[in-house]
Protein chains: 2
Amino acid sequence: MVFCVSRDKWHPDVGNCTDRASHLAKKTMACQQGALLKVAVRKMSPKITTELLKQLRQVMKNPRYVQEPVQAYIVPSGDAHQSEYIAPCDCRRAFISGFDGSAGTAIVTEQHAAMWTDGRYFLQAAHQMDSNWTLMKMGLKDTPTQEDWLVSVLPEGSKVGVDPFIIPADQWKRMSKVLRSAGHDLVPVKENLIDTIWTDCPQRPCKPLITLDLSYTGVSWRDKIVALRSKMAERKVMWFVVTALDEVAWLFNLRGSDVEYNPVFFAYAVIGMNTIRLFIDGDRMTDPAVREHLQLDSTLEPEFKIQVMPYGSILSELQAVGAGLSPKEKVWLSDKASYALTEAIPKAYRYLTPYTPICIAKAVKNAAETEGMRRAHIKDAVALCELFNWLEKEVPKGTVTEIVAADKAEEFRSQQKDFVELSFATISSTGPNGAIIHYKPVPETNRTLSVNEIYLLDSGAQYKDGTTDVTRTMHFGTPSAYEKECFTYVLKGHIAVSAAIFPNGTKGHLLDSFARSALWDCGLDYLHGTGHGVGSFLNVHEGPCGISYKTFADEPLEAGMIVSDEPGYYEDGSFGIRIENVVLVIPAETKYNFKNRGSLTFEPLTLVPIQTKMIDVNLLTEKECNWVNEYHQKCREVVGAELERQGRHEALRWLLRETEPLARGQ
Amino acid sequence: MVFCVSRDKWHPDVGNCTDRASHLAKKTMACQQGALLKVAVRKMSPKITTELLKQLRQVMKNPRYVQEPVQAYIVPSGDAHQSEYIAPCDCRRAFISGFDGSAGTAIVTEQHAAMWTDGRYFLQAAHQMDSNWTLMKMGLKDTPTQEDWLVSVLPEGSKVGVDPFIIPADQWKRMSKVLRSAGHDLVPVKENLIDTIWTDCPQRPCKPLITLDLSYTGVSWRDKIVALRSKMAERKVMWFVVTALDEVAWLFNLRGSDVEYNPVFFAYAVIGMNTIRLFIDGDRMTDPAVREHLQLDSTLEPEFKIQVMPYGSILSELQAVGAGLSPKEKVWLSDKASYALTEAIPKAYRYLTPYTPICIAKAVKNAAETEGMRRAHIKDAVALCELFNWLEKEVPKGTVTEIVAADKAEEFRSQQKDFVELSFATISSTGPNGAIIHYKPVPETNRTLSVNEIYLLDSGAQYKDGTTDVTRTMHFGTPSAYEKECFTYVLKGHIAVSAAIFPNGTKGHLLDSFARSALWDCGLDYLHGTGHGVGSFLNVHEGPCGISYKTFADEPLEAGMIVSDEPGYYEDGSFGIRIENVVLVIPAETKYNFKNRGSLTFEPLTLVPIQTKMIDVNLLTEKECNWVNEYHQKCREVVGAELERQGRHEALRWLLRETEPLARGQ
């Protein structure tokens, strides 16, 4: 699935509400267009917030919650872990304003309530918010920044409050500086003021954990701790604070289901050179399987003994660590960690990096993880062969809608071994809906698939052995010459990246233009990046690598990393095309081998036929044609064998039909 | 000529001594290798600096020069304008240490003298400096930063001095912060302490100016001022401070020769909404042509009246401007301006940008400049046809050395109309010397050209109508299959960039990988960027655009910009290959035109044959083969006509021979 990144790093502001009510929001995450959303938002009615705002303004002055009254209160999008997807209980900005898009910051003062969001959401925000709110259209020339606006509306010497657990430290720093220079103060308000008025706030999820044994993870959590401590020793740090949810999950070889689509659970960890502290709530640690997995009841060397502590005690424990540091003892944190946790460590003792050693280690998959990802992708391909075979028969009947197709895809996936859940909301889109990059069908927008329109399906699942993410673009009738032409350019770009050979040490962003070259030659382009990192039974979007013209701070690609390759082309109001495989970075063999520097290329893990009907073979070079044929041969062999094994003969026949070799000049 | 850039911006630290004695230094600007320099540095003997250091340590305590004694004094590389090339009088670090490489910072304390430089210069610095100096090898793991080293050696509460005119403001900020947190102080020392002990310091050059009329510049200085003021009004700034030498020269349509190879002159300018102040020394303003050009004696509207002031009065004048500002009156400066000038403006009034509006306007050449560049490149091609024809006859005799060839190239160029000087030191290199990217022949390294080795010539000139920069790689005997193979990959990369089509708004760094793809496929690469901006009868290296994997902060390419396209391949100890054209960004015509966003491509301005003998035609695609043939056809037509006109019949015959069409499958 396409990942929208900001100019120079993984977007810190793509938090996503995952409760049912907010599905509409995700659908509109399209990077480009707004016009098409009109259909979707037509039936929205604004949330009436008069009473809520009144209550919020009261608690902003209530000494029970604030030391001194705050004249403004900031409600950002995120959770305390800077997650991309957030749990319902963290959708505070949506609660107070009604606006539930994935990006936006609300600020409420005594007189005003204002919402900053970007071009993707102008229309939606305008429809979802009542007249108490002013929409601040980010990216437009005359729109003030939040800081400048605050300075312009606040009385002299005001206090601006924010939850220090939600605001990342770097953002605090920037904002605080501007406010201070104008005579105001940014102050941390310990208790979240939204939570004090959100009477029916959903509970923070606290679902059972899944333990992963060595056959899935390849490395025990003990060995991961050893490796982490060796990285810490290299950098001369004594403590490492794990704040990202997928990093905690990866480190302990545990998975959860606290956030939809992301197999993570709410927790922090603090790793010392001789101690391990895991901050986690609920009775999850009473599960015998978990106790056994973490060896909680075993006699262990003290440095591997896990101390389990309440989730909420992270701050006080970290403050105790901070207070007990000797000179030169550093504490390692992500520079995206919350202001609260960052401040717990005195400035002189902080060691901040954009990517943590766990983030980097997690990205390089070991043999067990790679094999798991392979298995997951074969099962996923089986499900999609079944789906496309079914669609081919059903679409002409005019009864298959986008939602029906998405549900059917989920049904086929759920039949596969170790299926856990989807890895993101299925993008099932036909005709003009395909041009909305992050579309997700809802009843208001649901179109019926037909033999006259292109169908784009971007979907994926979480299996216990791996995470998938695949996009195929199909036509169930006869595509036009123009549709085939565009599809073929996208395919050429897909192949250019997939077959690229590049020296060790190359960053993914240097490959982005390869995906565009064929489109550019004809004056076409797409306004999203080409690829993102993919977790191993973890988040479908992960750093620190990717393939995008928008990033520069990505880490170099390494053998074992897994990314998506997903160029596209979108014709507003008519159709969308995207071809996405998940690919594994592998060593390449070259004639001269970069003077032993070594080189890399990609191996597709996704093995789903690319519809040959959509290809204008005459636009392919011989090399590209061979690539398609070899890819399809591999689909036949690998997925064919599994379809056979599962006794799915009709889908197997579909696969064989769809993978007939192309011949140039035909 | 290849331009080494740092990670994310035009390298601030490539100051180059241009006096004769420092030519050796420039030769060694190779980005990669050091081993080959051994030949060059073998005969160097270190400069004895005992007495000089003693004198410097005395003035560091002399109340005549310092308010309080300084315990350390920093001597950076640059001049007060952050120039890439610097004048002899600005080579202070070379004077105090003996080390005259293009990059390096000296720090002298009571007890120590240390020199920080990078891998290109380890060998050279070690040879040129005596035992008073410690070499600090930047990039090695255990080498301390300048700040950390200072903290480790200085007594408590020390003062560290630096010339505030030489140190850029951002560097001051970084260094000052670290020192302050360790209890020391970075202090500006107004009088440069090196100058106080440099008794035979060369005078600051003050050479006559050249005025350029509209036929060269296309826009009068008055209209440039009007355009600048409109940019200032857009950003709501009242003053703009011009600090870069090429920006002053461009703004006033004047040229100088104060710095070798760069037609610039020492000056600053301060542009207000109603005033123009030009800070310049000498009797240059008494030249009637200059007075006429600047309309100094005419009755003008007051806002176009130029006030001429002494070069040295910039600081006090700027301080006066700073003191007289009303609230909201901003002053625009480059963020690379010196600490001294930046500090003259109170912080709240500063408006700093990485690229100034002049830098950006200067990069987009108008019709007159483009036509001038075309003329200059045709003349330059005539000179090179003469040279290569001459080399073809003379090389087999075994009498042509690298220096002879370079001198001959200059001789032929100087015969052309409006020739002013070379645009950089000619890189004339044969065999293994070709693998040293910034090689310049000196007697100690001078090789004789032969029919057995590849010859690489990277050279260019300043003509009154334009600046040239071209690299050709030739073989005067029979190249090996491997040499041809490598040459052909480099050519494929050159063509991939030159023929690339890309949407408006694309930054040059996104094209860099196109130049490498063919090399990468075979496991080869080159460790420099692919292109740099080129001035119009100005500096051969200019911002804000370029084509390099190392930059990210470049400005998008625009029609009218001029850059080089110069991929290469270097085999240490054997040969170097580079193919460089200067190319003009022009609108492209595409089938679908990016939905009216428009698109761009390049047109080669350089029109010098690419040696077909070096091409393995079977490695070219049909499209690439056609590109070469069309390029050579244009060389024939355009340069052929000029050779004919100049009566250079033998060179014309050479041109016709060298531009015979390639046939694939031959």
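I'd like to know if region A:115-122 contains one or more residues that are surrounded by 20 or more Cβ atoms within 10 Å (Cβ to Cβ) and hydroxyl-bearing (Ser, Thr, Tyr). Within region A:115-122, one or more residues are surrounded by 20 or more Cβ atoms within 10 Å (Cβ to Cβ) and hydroxyl-bearing (Ser, Thr, Tyr). Scanning region A:365-384 for residues that are open to solvent by 10 Å² or more (accessible area, probe 1.4 Å) and among the small types (Gly, Ala, Ser) gives A:Ala367, A:Ala368. Within region A:347-364, the only residue that satisfies the criterion of being assigned to a strand (DSSP E or B) and closer than 13 Å to A:Cys545 by Cα is A:Val364. Taking each residue of region A:643-666 that is under 17 Å from A:Lys379 (Cβ atoms) and looking for partners that are open to solvent by 70 Å² or more (accessible area, probe 1.4 Å) with beta-carbon atoms closer than 9 Å, six or more apart or interchain, yields A:Leu643/A:His649; A:Gln646/A:Gln415; A:Leu652/A:Glu644.
Please verify whether B:Phe552 is open to solvent by 10 Å² or more (accessible area, probe 1.4 Å), touching a residue at least 12 places away in the same chain (Cβ under 8 Å) and of a type in the set (A, V, I, L, M, F, W, C), treating the condition exactly as stated.
Against the criterion (open to solvent by 10 Å² or more (accessible area, probe 1.4 Å), touching a residue at least 12 places away in the same chain (Cβ under 8 Å) and of a type in the set (A, V, I, L, M, F, W, C)), B:Phe552 qualifies.
Taken over region B:238-290, the criterion of being among the hydroxyl-bearing types (Ser, Thr, Tyr) and either crowded, with 21+ Cβ neighbours inside 10 Å or in contact with a strand residue (DSSP E or B) (Cβ under 8 Å, 6 or more places away or on another chain) (or both) is satisfied by B:Thr243, B:Ser257, B:Tyr261, B:Tyr268, B:Thr275. The set of residues in region A:511-540 being at pLDDT 95 or above, open to solvent by 10 Å² or more (accessible area, probe 1.4 Å) and in a loop (DSSP other than H, G, I, E, B) consists of A:Cys522, A:Asp525, A:Ser536, A:Asn539.
Filtering region A:106-136 to residues that are among the polar types (S, T, N, Q) and modelled with pLDDT under 95 leaves A:Thr117, A:Gln124, A:Gln128. Within the option set A:His475, A:His494, A:His541, being within 22 Å of B:Ser517 (Cα to Cα) and more than 12 Å from chain B (Cβ to nearest Cβ) holds for one residue only, A:His494. Apart from one condition, A:Gly161 fits all of (1) part of a strand (DSSP E or B); (2) out of contact with any Pro (no Cβ under 8 Å at 6 or more places or on another chain); the exception is (2). Scanning region A:141-158 for residues that are within 23 Å of A:Ser338 (Cα to Cα), polar (S, T, N, Q) and in a helix (DSSP H, G or I) gives a single hit, A:Gln146. Being outside any loop (DSSP other than H, G, I, E, B) and open to solvent by less than 30 Å² (accessible area, probe 1.4 Å) is the filter here, so list the residues in region A:605-620 that pass it. Of everything in region A:605-620, those that are outside any loop (DSSP other than H, G, I, E, B) and open to solvent by less than 30 Å² (accessible area, probe 1.4 Å) turn out to be A:Met614, A:Val617. If I filter region A:463-477 down to residues being hydroxyl-bearing (Ser, Thr, Tyr) and touching a strand residue (DSSP E or B) at 6+ places or on another chain (Cβ under 6 Å), which single residue comes out as nearest to A:Gly560 (Cα to Cα)? The extreme case among them is A:Thr468. Only residues that are surrounded by fewer than 15 Cβ atoms within 10 Å (Cβ to Cβ) and free of Cβ contacts under 8 Å to residues at least 12 places away in the same chain were counted across region B:567-604, and they come to 4. Is there a residue being within 19 Å of A:Glu317 (Cβ to Cβ), touching a Ser or Thr at 6+ places or on another chain (Cβ under 7 Å) and among the charged types (D, E, K, R) anywhere in region A:225-248? Yes; the residues of region A:225-248 include at least one that is within 19 Å of A:Glu317 (Cβ to Cβ), touching a Ser or Thr at 6+ places or on another chain (Cβ under 7 Å) and among the charged types (D, E, K, R).
The set of residues in region A:433-473 that are over 25 Å from A:Glu485 (Cβ atoms) and over 20 Å from the mean Cα position of the chain (by Cα) comprises A:Val442, A:Pro443, A:Glu444, A:Thr445, A:Asn446, A:Thr448. Among the strands (runs of 3 or more DSSP E) confined to region B:417-484, the ones with at least 1 residues that are open to solvent by 10 Å² or more (accessible area, probe 1.4 Å) are located at B:419-422.
When restricted to residues that are under 29 Å from B:Asp572 (Cα atoms), within 11 Å of another protein chain (Cβ to nearest Cβ) and surrounded by fewer than 24 Cβ atoms within 10 Å (Cβ to Cβ), region B:498-509 contains 0.
Being assigned to a loop (DSSP other than H, G, I, E, B) and surrounded by fewer than 21 Cβ atoms within 10 Å (Cβ to Cβ): is that true of B:Gln58 here?
No; evaluated as a whole, the condition is false for this residue.
Looking at region A:164-176, which of its residues are part of a loop (DSSP other than H, G, I, E, B) and open to solvent by less than 40 Å² (accessible area, probe 1.4 Å)? Correct list: A:Pro164, A:Ile166, A:Ile167.
Yes or no, residue by residue, for (1) farther than 23 Å from B:Glu542 by Cβ; (2) modelled with pLDDT under 95; (3) open to solvent by 20 Å² or more (accessible area, probe 1.4 Å):
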residue: B:Val178; (1), (2), (3): yes, yes, yes
residue: B:Val189; (1), (2), (3): yes, no, no
residue: B:Thr211; (1), (2), (3): no, no, yes
residue: B:Gly218; (1), (2), (3): no, no, yes
residue: B:Val226; (1), (2), (3): no, no, yes
residue: B:Lys236; (1), (2), (3): yes, yes, yes
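For region A:69-128, the strands (runs of 3 or more DSSP E) that sit wholly inside it and include 2 or more residues that are under 22 Å from the mean Cα position of the chain (by Cα) are A:113-117.
Exactly one residue out of A:Gly256, A:Gly282 is more than 21 Å from A:Thr356 (Cα to Cα), modelled with pLDDT under 95 and not hydrophobic (A, V, I, L, M, F, W, C): that is A:Gly282.
In region B:616-638, the residues that are within 20 Å of B:Ala481 (Cβ to Cβ) and in contact (Cβ under 8 Å) with a residue 24 or more places away in the chain form Cβ pairs under 6 Å with partners that are in a helix (DSSP H, G or I) and open to solvent by 40 Å² or more (accessible area, probe 1.4 Å), at six or more places apart or across chains, as follows: B:Asp616/B:Lys484.
The values are calculated or read from the model by the stated rules, or taken from the named source; none is laboratory data. Fair warning: this is a prediction, and the values are worked out from it, not measured in the lab. Here the Cβ is made from the backbone with ideal geometry for all residues, glycine too, and neighbour counts use every protein chain on show. All accessible areas refer to the heavy atoms of the entire protein, side chains included, with ligands and DNA or RNA removed. Shrake-Rupley method; radii C 1.70, N 1.55, O 1.52, S 1.80 Å.
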